[in-house]
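All remarks here apply to the structure that follows.
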Amino acid sequence: KSRNLAKHLSFGEEVKLIDRYKVIANNCNLSEKKKNDLYNLELELEEKLSYAKPIGKELFDFCVKNNKRIIIISDTFFPKAFVEKLLLKSGYSNWENIFLSSEFGALKDSGNLFKIVIQHINIATNAILHIGDNKHSDIKQAKLHQLNSIYISSKQHFFSKYSRASYPLSKIRDPLAKVLFSGLISSKLTSQYLPEKNSYLYGSIENFGYCVLGPIFFSFARWIIEKAILDKVDTVYFLSRDGSIVKKCYDILSMDYKDAPKSKYIYASRRSIRVA
């Protein structure tokens, strides 16, 4: 939305992030200081939350090891200095050049950024291999400009299309929990190279714990805490074996609740409580 509002400030085909904040500040009557504070906060959070995608980093390191010329191309509203900072922070170095839509006012999406790259690097197009996760910008447009290309699934595409783990998450009623679980689980599954085939867990016990049992125990433990607080319970007792993992989750989560009842673990046989 901010891009559309700031189109009159566009730099060619791109609208820089700072210009988007100028429009937001104008529409919301924000001072120059608040505008800059918000802009810097976005940069700060982006840097804090960004990390290298393992498969991408593996390919990058392979190219470095084999003395390939590495050119970074991106459609982004971030300034070049900040993009370089993100790359270095994530362990990337030894690239030859960076071409950004925010620097050249041209997009990969339109194909115009590829034209600029081809003009600058002075190499035959059939000797260039472009790698990306957007089927239109990175694959279709690259091929239209006679570049070789390899498609790597984006996190969102892979998770929604190939991972059945996304289905049960769609049933979570708490919107915040749904967003958090989806983000964490999709990051977990796409942090490794996985074949593009429908699967819940790809045969991994660790994925089973993280993607299935984790949300179940988290949700159950949180419900116990909030129900116990509501009912003014003094102590929550967890019965042996079945309650062990739930108690561990409860103890971790309860640290974030001011009035969470204390917990205790007691021994009990299933037979003794079966009727109850």
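The values are calculated or read from the model by the stated rules, or taken from the named source; none is laboratory data. Note that the coordinates shown come from a computational prediction; the quantities given were computed from them, not determined experimentally. Please note: Cβ atoms are built from the backbone with ideal geometry, for glycine as well, and neighbour counts cover all protein chains shown. Surface accessibility is based on the protein's heavy atoms, side chains included, excluding ligands, DNA and RNA. Shrake-Rupley method; radii C 1.70, N 1.55, O 1.52, S 1.80 Å.
What helices does the chain hold that run 20 Å or longer along their axis, going by alpha-carbon atoms, with a Kyte-Doolittle average of -1.0 or more, using DSSP H for the helix calls?
Those that pass (Cα extent of 20 Å or more, hydropathy at least -1.0) are 175-189, 214-230.
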**Asked** What's the FRET efficiency of Ala124 with Asn36 using the Cβ-Cβ distance as r and R₀ = 41 Å, to the nearest 0.05?
**Response** 0.35
**Fill in**
For the chain, the Cα-Cα pair-distance distribution in 5 Å bins from 0, as whole percents, is 1, 5, 9, 10, 12, 12, 12, 11, 9, 6, 5, 4, 3, 2, 1, 0
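Report the extension gain between Lys7 and Glu46 in nm, rounded to one decimal, defined as 0.36 nm multiplied by the number of residues separating them, less their alpha carbon distance.
Details: separation 39, 0.36 × 39 = 14.04 nm, distance 2.30 nm.
The span from Lys7 to Glu46 would gain 11.7 nm if fully extended.
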**Prompt:** How much accessible area does Phe218 have with a 1.4 Å probe, in Å² rounded to the nearest 10?
**Reply:** 70 Å²
**Request:** Over all alpha-carbon pairs of region 121-172, lay out the pair-distance distribution in 10 Å bins, whole %, shortest bin first.
**Result:** 23, 36, 21, 14, 5, 1
**Asked** To the nearest 10 square angstrom, how much accessible area does Thr125 have with a 1.4 angstrom probe?
**Response** 40 Å²
**Request:** Measure up Lys89/Lys140; Lys7/Lys34; Lys171/Lys227 against 26 Å on the Cα-Cα distance and list the ones that go over.
**Result:** Lys89/Lys140
**Item:** Estimated [θ] at 222 nm from DSSP helical runs (n ≥ 4, -39500 (n - 2.57)) normalised by residues in the chain, nearest 500
**Value:** -14000 deg cm²/dmol
**Prompt:** With all protein chains present and a 1.4 Å probe, how do Arg222, Arg20, Arg173 order by accessible area, largest first?
**Reply:** Arg173, Arg222, Arg20
**Prompt:** If the cut-off is a Cα-Cα distance under 19 Å, which lysines reach Lys143, setting aside same-chain residues fewer than 8 apart in sequence?
**Reply:** Lys108, Lys115, Lys135
**Request:** Give the residues of region 4-34 whose amide nitrogen is closer than 18 Å to a point set 7 Å from the Cα of Ser110 in the direction of its Cβ.
**Result:** 4-17, 19-20
**Request:** Skip the ligands, DNA and RNA, and give the accessible area per residue of region 58-118 with a 1.4 Å probe, whole Å².
**Result:** 51 Å²
**Prompt:** In a GNM of the chain with a 10 Å cut-off on Cα contacts, which of Ile150, Ile205, Ile70 has the highest mean-square fluctuation?
**Reply:** Ile205
**Request:** Take peptides 86-92, 101-107, 128-134 and line them up by average Cβ neighbours within 10 Å, highest first, as a rough protection proxy.
**Result:** 101-107, 128-134, 86-92
**Request:** Enter the accessible area per residue of region 172-276 (Å², integer; probe 1.4 Å; all protein chains in place).
**Result:** 71 Å²
**Prompt:** Carbon and sulfur atoms: what percent of the 1.4 Å accessible area of the chain do they account for?
**Reply:** 56 percent
**Asked** Got a sec? What order do Tyr21, Tyr210, Tyr237 fall in by accessible area at 1.4 Å, biggest, i.e. largest, first?
**Response** Tyr237, Tyr210, Tyr21
**Message:** Let me check I have the definition right: for region 54-193, take the eigenvalues of the Cα gyration tensor, multiply each by 5, take square roots. What are those semi-axes in whole Å, largest first?
**Reply:** 31, 17, 16
**Message:** As a test question: what accessible area, to the nearest 10 Å², does Asp19 have when a 1.4 Å probe is rolled over all protein chains in place?
**Reply:** 20 Å²
**Net +/- balance of residues flanking Cys211 in space, Cβ distance below 15 Å, scoring K and R +1, D and E -1** = +4
